[in-house]
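Contents: one structure, followed by commentary.
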Amino acid sequence: MRFPFFSLLSVLLISQISAASELRRYTIIVDNGVKAGEQVVEINKQGERQVRYIFKDNGRGPELQETLTLNDDGTLASYNSQGKSTFGSVIKEKFQLDGQQASWQAGDKTGSARIENTALYLPVEGSPELLSVAINALAKSGNNQIKLLPSGVMRQQVVSDLIVEKSGEKQKVQLLVLSGVGLEPNFVWATSGDEPQLFASLIPGYQTLIAEGWQGNAEQMMTIQQNAEANLLQQRAKTLPLPLNGLSVIRNARIFDSVSASVGLPTDILMLRGKITAIVPAGELTTEVDNFIDAKGSIVLPGLFDMHGHISRWEGGLHLAAGVTSLRDMGNDNATLQTMMDEIAAGQLLAPNIFPTGFLEGESPMSARNGFVVSDLDGAKAAINWYASHGYHQLKIYNSFPKAILKDTVAYAHQRGLRVSGHVPAFLKAEDAIAAGFDEIQHINQLVLNFLVKPETDTRTLERFYLPSREFANVDLNSKALQDFIKLLKDKGLSIDPTLATFDFLKKVDGTVGDPWRDIVDHLPPDVQRRYHTAEVDIPDASTAALYAKSYAKMVEFVGMMYRAGIPVVAGTDELAGFTLQGELELLVKAGLTPAQALQVATLNGAKYSNATATKGQIAVGKDADILLVNGDPTQNIADIRQLALVITQGKAIYPSKIYQAMGIEPFVTEFPEIMQRSNKAEGHSGGSVSVGNRHLH
């Protein structure tokens with residue numbers, strides 16, 4: 001998964017550091033109190049800053065060394081970084097300001113600009129120390145905003161303040177919200193005074209980066225930050241959707257039948273309190289309604305399922321704007337996810353309906369710290385009991401799970417009524433997971449590793465990405481081993497969650513955009529665009545790039561073979577919210593599915609493997625009114641799934657274009673249906689109507 005700019009930048013490994021005029025240390029703690037990294041900032045007497053940072057979680061993470069100097073206005077005068085990204089690609093970035101001429105290089109990309117006034121260069125990948133730079137430069141700007149290079153504007157607002165304490169020492173810190181960077185506001189804690197600097201960066205439910213020694217204040221700071229975030233999120237949840245109170249109708253809609261994978265004749269769909277109450281031929285009923293939508297013959301689809309997410313509070317809008325009305329969360333901080341589900345139910349959080357999967361990991365130095373981390377069968381049973389009692393219908397087992405208790409754990413989960421899915425635990429093959437009773441396997445790499453691992457291969461490391469990239473190109477898909485494996489999946493009734501779009505990064509070279517995001521990247525904010533032009537794995541030369549591309553193409557082909565053999569496929573992402581599901585459907589079509597079959601996977605299969613067929617997956621009487629109005633015909637051209645004009649879910653109507661505008665994203669649709677509402681209802685008048693929303697968005 002990618003994280004917002006200042007979130008992904010987390011922090012550092014340190015060796016001996018020479019004497020400096022100033023030395024600042026930060027520590028990083030992930031959920032459950034485990035230290036996962038640290039950052040050290042050394043500032044010499046000439047003002048040059050040396051930064052070293054490392055963050056490791058789940059067997060991966062960035063490492064970075066930076067050297068930087070500042071101008072009098074707090075902006076970067078020079079910047080030089082080198083290191084490794086989360087998945088091992090080489091980071092090399094430089095910036096230099098000579099007079100008014102700025103120049104920069106990030107990987108293979110170069111740029112330059114003449115600076116007339118103050119401007120802050122924004123590196124593609126950098127350490128959290130860049131937060132200190134930004135906070136200070138914004139404070140010096142006089143109006144808490146600053147122009148960015150290559151483009152954009154960053155703004156800063158003080159949200160709250162707090163007196164923190166350490167062993168009798170006290171200081172005042174401020175909670176700031178930074179906007180104009182990434183796809184969501186960035187909350188950061190800073191010291192106060194004339195030269196503010198980073199004090200802490202907190203990611204609720206996941207990570208705490210804080211000045212070393214001040215960790216005892218983190219819980220109180222987190223509460224204040226979460227309350228501030230909740231206020232902004234509640235405002236978005238109240239202003240962007242339009243409640244469909246009373247009886248509503250969508251007229252002249254051509255319904256995609258997810259069971260037959262076909263499109264019907266023009267139809268009227270009536271809805272009340274979030275449910276579909278009637279479906280009749282267009283114009284047959286003249287029942288008085290409170291909300292009227294004319295689809296004008298457009299295709300309408302059931303709401304889509306993203307079957308592999310790890311949702312955060314700010315991602316919900318992106319999911320809904322892409323038509324994802326239901327999301328299977330595949331591992332999260334349990335307390336945070338429970339709170340989010342309560343907020344969604346109360347209309348306080350703009351997000352899809354969540355179908356939670358219980359995350360279960362084994363204890364090791366490379367453990368992922370979501371959900372429960374256990375070391376024995378009793379611990380595993382206790383975790384399963386918690387998930388079952390909280391309404392979870394599925395369990396996800398992860399990389400470090402102890403193989404000695406795998407079979408008994410799966411059996412107990414089945415006994416408690418939970419499906420079992422996951423990664424293949426280290427030092428096992430997919431065949432072993434199937435033998436242990438798995439019902440589903442996540443990620444295409446976990447499937448192909450079955451044919452590549454040796455007994456000593458540790459798939460908790462980055463080798464789980466690099467080994468398939470190096471070797472799957474040479475695997476014969478028609479070999480007996482592959483065909484026997486497909487038969488095994490079929491005979492045992494497993495489904496697969498390949499997340500093909502996510503694994504496009506295995507072949508992406510620096511300076512290019514991955515296929516799933518090529519059609520959307522120009523719509524994203526400038527700083528986000530830059531990140532999608534960078535490599536994520538280490539691809540040192542053209543021959544390696546060709547090999548990795550061949551391996552990835554064969555993975556796509558392998559998914560198509562499994563689908564044609566009758567293996568149920570679900571559409572999941574594990575990447576950029578909303579947009580990645582659209583890319584996943586395109587890749588399923590590339591694998592050999594028809595566009596209608598890909599849509600069937602994202603609707604009917606989503607409901608089936610979320611235990612939700614009673615309410616979702618189809619546009620039918622009695623089902624939830626999760627309905628998408630699309631310009632174009634994605635049943636013939638799957639790329640038209642991006643031409644989404646209106647989303648109806650949870651008894652509300654949402655214009656994707658309005659969500660995108662609120663997030664700094666250029667909308668994909670400029671014409672969409674009006675929602676006509678009865679006027680003067682309280683006075684008993686029923687003939688008039690008013691327009692809600694604009695037909696044309698400029």
Problem set entry | From phi via Karplus (6.51, -1.76, 1.60), per-residue ³J(HN,Hα) for region 60-65 in Hz, x at Gly/Pro | 7, x, x, 9, 8, 10
For this session: Return the long-range amide H neighbours of Ser160 (sequence gap of 5 or more, or a different chain), with a cut-off of under 5 Å between placed amide H atoms.
Result: Leu175
Exercise. ³J(HN,Hα) across region 96-113 via Karplus (A = 6.51, B = -1.76, C = 1.60, θ = phi - 60°), whole Hz, x for Gly/Pro?
Worked result: 8, 10, 10, x, 9, 9, 9, 9, 8, 9, 10, x, 8, 8, 10, x, 7, 6
Problem set entry | Leading residue at positive end of dipole, the chain (Cβ point charges), from Leu149, Gly511, Ile627 | Ile627
For this session: State, as an integer percentage, the relative contact order of region 5-239 based on alpha-carbon contacts under 8 Å between residues 6 or more apart.
Result: 14 percent
For this session: Using label points projected 7 Å from each Cα along Cα→Cβ, tell me how many nm separate Asp491 and Ser192, to one decimal.
Result: 7.1 nm
Exercise. In whole percent, what relative contact order does the chain give with Cα contacts below 8 Å and a gap of six or more residues?
Worked result: 12 percent
For this session: Go ahead and run the numbers for FRET between Leu232 and Lys94, Cβ-Cβ distance against an R0 of 51 Å, rounding to 0.05.
Result: 0.90
Problem set entry | Count of Lys pairs (Cα-Cα under 25 Å; at least 8 positions apart or interchain) in region 5-239 | 20
Exercise. So how far apart, in nm, are the two label points at Gln661 and Glu169 if each is 7 Å from Cα heading toward Cβ?
Worked result: 5.0 nm
For this session: Report the full-extension gain for the segment His390 to Asp458: residue separation times 0.36 nm, less the Cα-Cα distance, to one decimal in nm.
Result: 21.2 nm
Exercise. (1) 85, 60, 55; (2) 81, 69, 50; (3) 71, 62, 51: which one is Cα extents along the principal axes in Å as calculated from this entry?
Worked result: (2)
For this session: Order by neighbour count: Glu288, Glu456, Glu557, fewest other Cβ atoms within 10 Å first, most last.
Result: Glu456, Glu288, Glu557
Exercise. Hey, rough spin-label estimate for Ile115 and Ala481, points 7 angstrom out along Cα→Cβ, what's it come to in nanometres?
Worked result: 5.6 nm
Exercise. Can you give the charge dipole size of region 5-239 about its Cα centre, rounded to the nearest 20 debye, using +1 on the beta carbon of Lys and Arg and -1 on the beta carbon of Asp and Glu?
Worked result: 320 debye
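On full extension of the chain, what length is gained from Thr67 through Asn637, given 0.36 nm per residue of separation minus the C-alpha to C-alpha distance?
Details: separation 570, 0.36 × 570 = 205.20 nm, distance 4.89 nm.
Extending this stretch completely gives an extra 200.3 nm.
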Seminar exercise, completed: Expected sort for His523, His310 with the fewest Cβ neighbours (10 Å cutoff) up front is His523, His310
For this session: Jot down the radius of gyration and Dmax of region 5-239, Cα atoms only, both in angstrom.
Result: 17.3, 54
Exercise. Hey, which lysines would be in cross-link range of Lys487, C-alpha to C-alpha under 20 Å, not counting anything within fewer than 8 residues on its own chain?
Worked result: Lys429, Lys554
For this session: Pop out the ³J(HN,Hα) list for region 559-570 in order, Karplus 6.51 cos²θ - 1.76 cosθ + 1.60 with θ = phi - 60°, rounded to Hz; leave Gly and Pro as x.
Result: 4, x, 4, 5, 4, 5, 7, x, 7, x, 10, 10
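Quick note: the coordinates plus some simple rules give every number you see, no bench work behind them. In this text, all values refer to a predicted model and were calculated from it rather than measured experimentally. Cβ: placed from backbone, ideal geometry, glycine included. Neighbour counts: every protein chain shown.
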